[in-house]
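Novice: Pasting a structure below so you can have a look.
The values are calculated or read from the model by the stated rules, or taken from the named source; none is laboratory data. As the structure is a computational prediction, the values presented were derived from the model and not from experiment. All Cβ positions, glycine included, derive from the backbone under ideal geometry; neighbour counts span all protein chains shown. We work out accessible area using only protein heavy atoms, side chains counted, and drop any ligands, DNA or RNA first. Shrake-Rupley method; radii C 1.70, N 1.55, O 1.52, S 1.80 Å.
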Amino acid sequence: MAELPRYHRRAFAHNYHAPFIYHIILKKKEGVEKFGVVSGDARIAPGCQGCAYIRKSDLGRIIAKSIIELQSVFPILQVYQFKVMPDHVHILLRVKEWSEKHLDYYIESLVVNIGVSYSRLIGRETVGGDIFQPGYCDKPLLLKRSLDGLFRYIRENPHRFAIRQQFPQFFRTVRNLKIGNNEYQAYGNLFLLRNPDKDAVKISRKFTPEEKMQKRAKWLSDVVKGTVLVSPFISREEKELRAEAETLGAKIILITDNAFGERYKPAARDFDLCCEGRILLISLGLPAKTVLTRETCLRMNELAQVISAL
């Protein structure tokens, strides 16, 4: 399967004229100046004085101003929240009523306005296509997703970014983790648990070839939108899906059975993903070399379902 472009996937079978809430992501084009740099102290909780924030560049300030003005230009829209990051932009956008225009029209208008304003600043013509990657990613707020969770996820983006920059060792330490009434071991990026878009991956033997194809396509499509895949990835088909998803930049919560030892370090592939902040390993904590049974597999898949609903 050819590599899918990131950050500009539409939701399948969604009506983009209807009233809805969307999580929009615009990605910076390679070679363009950063929209800002991270400042502040990652050790300070988000929202408190001195906490991590993004100090915007001139281009970043233009982007922020254009987003704020979007709902004045188009009263049918309401900007709930946005965050300008160094290489991408998050917008939580509400379309308040039925629109004759497709969502594309409003996002393209925003990008055009940013290009016009930036051209005035630098004294030469620049279009939005020179600033952002083609298209955009949208995530409609479906019933299983929490609006409060999205608010927090977007608001705390600078904090997570600062943690990765200032404390990379945070992603290379075994930690205790409580989910419900149970204790687990965790290694990697704990912030993946806070991502409001998580989906449990399990390919059942009962699936028809058509169902497998449909689910695989959906998971890979979701990956390029930033959805976190949660699974023990036990079967051959699940392992193959994981490998392909990783080539698309997937973020993964991997459920495993054996306990992490005192000096635990994952295999090279997983360790590299830990350093990039793209994986979280969660262990049931079973003794080393415990035989993998059907019951254990069921436990791991059940935990994946619980985590995907957090």
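Novice: What tally of residues in segment 48-61 results from selecting those that are without any contact (Cβ under 8 Å) to a residue 12 or more places away in the chain and in a loop (DSSP other than H, G, I, E, B)?
Specialist: Final tally of qualifying residues: 3.
Novice: Could you grab the pairs with beta carbons closer than 8 Å, sequence gap of 6+ or different chains, first residue in segment 170-196 and closer than 12 Å to F271 by Cα, second one among the polar types (S, T, N, Q) and surrounded by fewer than 18 Cβ atoms within 10 Å (Cβ to Cβ)?
Specialist: So the pair list comes out as Y187/T173.
Novice: Sort out which residues of segment 76-89 are within 10 Å of N157 (Cα to Cα) and open to solvent by 10 Å² or more (accessible area, probe 1.4 Å), and write them in order of number.
Specialist: We begin by selecting, within segment 76-89, every residue within 10 Å of N157 (Cα to Cα); these are 83-85.
Passing the criteria: only K83.
Novice: What about K218, is it surrounded by fewer than 15 Cβ atoms within 10 Å (Cβ to Cβ) and either farther than 23 Å from F171 by Cβ or within 24 Å of the chain's Cα centre (by Cα) (or both)?
Specialist: Values: surrounded by fewer than 15 Cβ atoms within 10 Å (Cβ to Cβ): yes; either farther than 23 Å from F171 by Cβ or within 24 Å of the chain's Cα centre (by Cα) (or both): yes.
The answer is yes for K218.
Novice: Same structure again: Can you work out which of the residues in segment 22-47 that are assigned to a strand (DSSP E or B) and touching a Ser or Thr at 6+ places or on another chain (Cβ under 9 Å) is most open to solvent (accessible area, probe 1.4 Å)? Break it down stepwise before answering.
Specialist: If we filter segment 22-47 for residues that are assigned to a strand (DSSP E or B), which is where we start, we get 22-28, 36-39, 41.
Subset that is touching a Ser or Thr at 6+ places or on another chain (Cβ under 9 Å): 36-37.
Values: G36: 4, V37: 62 Å².
Going through the qualifying residues, I end up with V37.
Novice: Pairs only if they're at least six apart or on different chains, beta carbon under 7 angstrom, first in segment 239-264 and at positive phi and surrounded by fewer than 17 Cβ atoms within 10 Å (Cβ to Cβ), second assigned to a loop (DSSP other than H, G, I, E, B) and of a type in the set (D, E, K, R); list them, first residue then second.
Specialist: Pairs that qualify, where the first residue is at positive phi and surrounded by fewer than 17 Cβ atoms within 10 Å (Cβ to Cβ) and the partner is assigned to a loop (DSSP other than H, G, I, E, B) and of a type in the set (D, E, K, R), are G249/R6.
Novice: Restricting to segment 270-310, count the residues that are without any contact (Cβ under 8 Å) to a residue 12 or more places away in the chain, open to solvent by less than 90 Å² (accessible area, probe 1.4 Å) and either closer than 16 Å to V230 by Cβ or assigned to a loop (DSSP other than H, G, I, E, B) (or both).
Specialist: Residues of segment 270-310 that are without any contact (Cβ under 8 Å) to a residue 12 or more places away in the chain, as a first pass: 272, 276, 291, 293-295, 298, 302.
Pick out the ones that are also open to solvent by less than 90 Å² (accessible area, probe 1.4 Å) and you get 272, 276, 293, 298.
Those still in the list that are either closer than 16 Å to V230 by Cβ or assigned to a loop (DSSP other than H, G, I, E, B) (or both) too: 276, 293, 298.
The total comes to 3.
Novice: I need a count of the residues in segment 146-176 that are crowded, with 16+ Cβ neighbours inside 10 Å and either among the aromatic types (F, W, Y) or assigned to a loop (DSSP other than H, G, I, E, B) (or both).
Specialist: 5
Novice: To continue, here is another question. Tell me which residues, restricted to segment 182-202, are assigned to a loop (DSSP other than H, G, I, E, B) and either modelled with pLDDT under 90 or open to solvent by less than 30 Å² (accessible area, probe 1.4 Å) (or both). Break it down stepwise before answering.
Specialist: Within segment 182-202, the subset assigned to a loop (DSSP other than H, G, I, E, B) is 189, 195-197, 201-202.
Passing the criteria: N189, N195, P196, D197, V201.
Novice: So V112 fits all but one of (1) touching a residue at least 24 places away in the same chain (Cβ under 8 Å); (2) open to solvent by 60 Å² or more (accessible area, probe 1.4 Å); (3) in a helix (DSSP H, G or I); what number is the exception?
Specialist: Failed condition: (1).
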